[in-house]
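Asks: Pasting a structure here, questions to come.
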Amino acid sequence: MTTMKYRVNRRAALGLIGGSTASLLIPVPGARVNAQTLDKVSYQTNWRAQTEHGGFYLAATNGIYKKYGLDVEIRPGGPQQNPTQLLLGGRVDMIMGNSLEALSFAHENLPFLCIASIFQKDPQVLISHPGQGNDTLADLKGKPILIAAQARVGFWPFLKLKFGFQDEQIRPYTFNMAPFLADKKLTQQGFLSSEPFVIRKAGVDPVVHLLADAGFENYNTTITLSRKMVQEKKEVVQRFTDATLEGWAEYMKGGPGNAAANARILKDNPDMDQEKIDYALKVMNERGIVVSGDAKTLGIGAMTDARWASFYKTMSEAGVVPAGVDVKKAYSLDFVNKGIGKG
């Protein structure tokens, strides 16, 4: 069968933004293309390439996105990138976000929402020295904790609400672990698969407090996009979601099947190495970051109305988000809970 090749009608593209795709294309007589026509989708991550992005990379490198008829561009984040601004500005189709961000969209009545959560557990942790009587989060009340500015409007209000922490405990965290390593009385923030690895390499076997296990229900590593894309390209969005969840199901198994994805991660992030990748995957599996809770029965990416309502109630009581927000504007369950990769 002959496949017609098309060229972009530049005048239509400039003057009919938002119009149908067909109106922007003009057939080129006699031209043929052999490759399958794939729908392009761009996805912006929240940081440099790492294990925590592995399922997206595997879906790309192992041909899963292509199998679903997609040409997906994974755009790594970094210190100079603000995924939310890129999404609001229409410079990317989808971003990696979290529940708090989505609740903010709902509060501000912005037309963006969350449609899947790869991480059932937010990997945010507090890290303490062993043998200092800091074996539980409750033990940390009144003690100095290194906290970054952003955490003050994130997980810190949750800790104040649940454990009675006070702002007087806060010491500035600059993402330099030297102060923590030099003072056994200090506790610091971190991510499950990152800072504890570095601390162990420095000779300390830390006590790691995973906030999610204490009731911090923030969905993390989400798929967040515009309502316009959901409405106009629902079928494309569903294919992207299914392919991504399939990629994550494969990536979490580890083994040789991850080789191409890990090679791409190492290429995109020269500061990464295989030992870090292996450690991160190990602890993500051990602590149920991806497959736990609702994901065990509903599949990877699972979300529920009950958990969204519960998290909103907690963060509203903590003063992070105001009362009266229509929480259901923050998310959609249309694309998940279909059993892909369930435990």
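The values are calculated or read from the model by the stated rules, or taken from the named source; none is laboratory data. Being a predicted model, the structure only gives us computed values, none of them experimental. Cβ placement follows ideal geometry from the backbone for every residue including glycine, while neighbour counts extend to all protein chains displayed. To get the accessible areas, we keep the full protein, side chains included, count just its heavy atoms, and leave off ligands, DNA and RNA. Shrake-Rupley method; radii C 1.70, N 1.55, O 1.52, S 1.80 Å.
Asks: Taking 7 Å along the Cα-to-C-beta vector as the label spot, tell me the residue 88-residue 108 distance in nanometres, rounded to one decimal.
Replies: 0.3 nm
Asks: Moving on to the next point. Within the stretch 187-272, report the trypsin sites (Lys or Arg not before Pro) that DSSP leaves as loop and that have at most 14 other Cβ atoms within 10 Å. Mind showing how you got there, number by number?
Replies: Values: sites: 200, 201, 227, 228, 233, 234, 239, 253, 264, 267; in loops: 233, 253.
Loop-located and lightly packed - 253.
Asks: Run the accessible area of the chain with a 1.4 Å probe and give the carbon-and-sulfur part as a rounded percent.
Replies: Roughly 51 percent of what the probe reaches on the chain is carbon or sulfur.
Asks: At a threshold of 8 angstrom on Cα-Cα distance, excluding pairs fewer than six apart, so keeping six or more, what relative contact order does the stretch 270-343 reach in percent?
Replies: For the stretch 270-343, the relative contact order is 41 percent.
Asks: Calculate, for the stretch 58-149, the solvent-accessible area per residue in square angstrom, rolling a 1.4 angstrom probe over the heavy atoms of the protein chains.
Replies: I get 39 Å² per residue for the stretch 58-149.
Asks: Given H placed 1.01 Å from N in the peptide plane, which residues other than close sequence neighbours of residue 303 have an amide H under 5 Å from its amide H?
Replies: The answer is 337.
Asks: Kindly work out what percent of the DSSP beta bridges joining two residues of the chain are antiparallel, to the nearest 5.
Replies: Rounded to the nearest five, the antiparallel share is 65 percent.
Asks: Something else now. Under the Karplus relation 6.51 cos²θ - 1.76 cosθ + 1.60, θ = phi - 60°, what is the ordered set of whole-Hz ³J(HN,Hα) values for the stretch 103-120, x standing for Gly and Pro?
Replies: 5, 5, 4, 5, 5, 7, 6, 8, x, 9, 7, 9, 10, 6, 10, 5, 8, 6
Asks: Still on this structure: List the aspartates and glutamates whose Cα sits under 19 Å from the Cα of residue 40, skipping any in the same chain fewer than 8 residues away.
Replies: List returned: 71, 73, 93, 232, 235, 242, 246.
Asks: I would also like to ask the following. To the nearest 20 debye, what charge dipole does the stretch 231-343 have about its Cα centre, counting +1 at the Cβ of each Lys and Arg and -1 at the Cβ of each Asp and Glu?
Replies: Charge dipole of the stretch 231-343: 240 debye, to the nearest 20.
Asks: Another question, then. With every protein chain left in place, what is the accessible area of residue 61 in Å² (1.4 Å probe, nearest 10)?
Replies: 50 Å²
Asks: Check the straight Cα-Cα distances from residue 338 and name the lysines below 22 Å, setting aside those fewer than 8 residues away within the same chain.
Replies: Counting by Cα, and skipping residues close in sequence, residue 338 has these lysines nearby: 66, 67, 121, 233, 234, 253, 296, 328, 329.
Asks: Nothing charged except the Cβ atoms of Lys and Arg (+1) and of Asp and Glu (-1): what's the magnitude of the dipole of the chain about its Cα centre? Round to the nearest 20 debye. Numbers along the way, then the final one.
Replies: Values: 40 positive and 33 negative charges, 192 e Å.
Roughly 920 debye, rounded to the nearest 20.
Asks: Right, here's the next one. Cβ under 15 Å from residue 96's Cβ, residue 96 left aside: what net charge do those residues give with Lys, Arg +1 and Asp, Glu -1?
Replies: With Lys, Arg at +1 and Asp, Glu at -1, the neighbours total -3.
Asks: Would you rank 47, 248 by solvent-accessible area, highest first, keeping every protein chain in place and using a 1.4 Å probe? Please list the in-between numbers first.
Replies: On the way: 47 105, 248 0 Å².
The most accessible residue leads, giving 47, 248.
Asks: Take the cross-link list 228/276; 160/282; 184/276 and give me the ones stretching past 28 Å between alpha-carbons.
Replies: With Cα atoms farther than 28 Å apart: 228/276; 160/282.
Asks: Next question, about the same structure. Per DSSP helix of 4 or more residues, -39500 (n - 2.57); summed, then divided by the residues of the chain. What does that give at 222 nm, rounded to the nearest 500?
Replies: Here the helix-only value at 222 nm equals -9500 deg cm²/dmol.
Asks: With Cβ to Cβ distances under 12 Å as the rule, what net charge do the other residues near residue 134 carry (K, R +1; D, E -1)?
Replies: Local net charge: +2.
Asks: Taking the Cα centre of the stretch 219-269 as origin and charging only Cβ (+1 Lys, Arg; -1 Asp, Glu), how large is the dipole, in debye to the nearest 20? Mind showing how you got there, number by number?
Replies: Details: 8 positive and 6 negative charges, 35 e Å.
For the stretch 219-269, the charge dipole is close to 160 debye.
Asks: Quick check: net charge around residue 318, other residues with Cβ under 14 Å of its Cβ, Lys/Arg +1 and Asp/Glu -1?
Replies: +1
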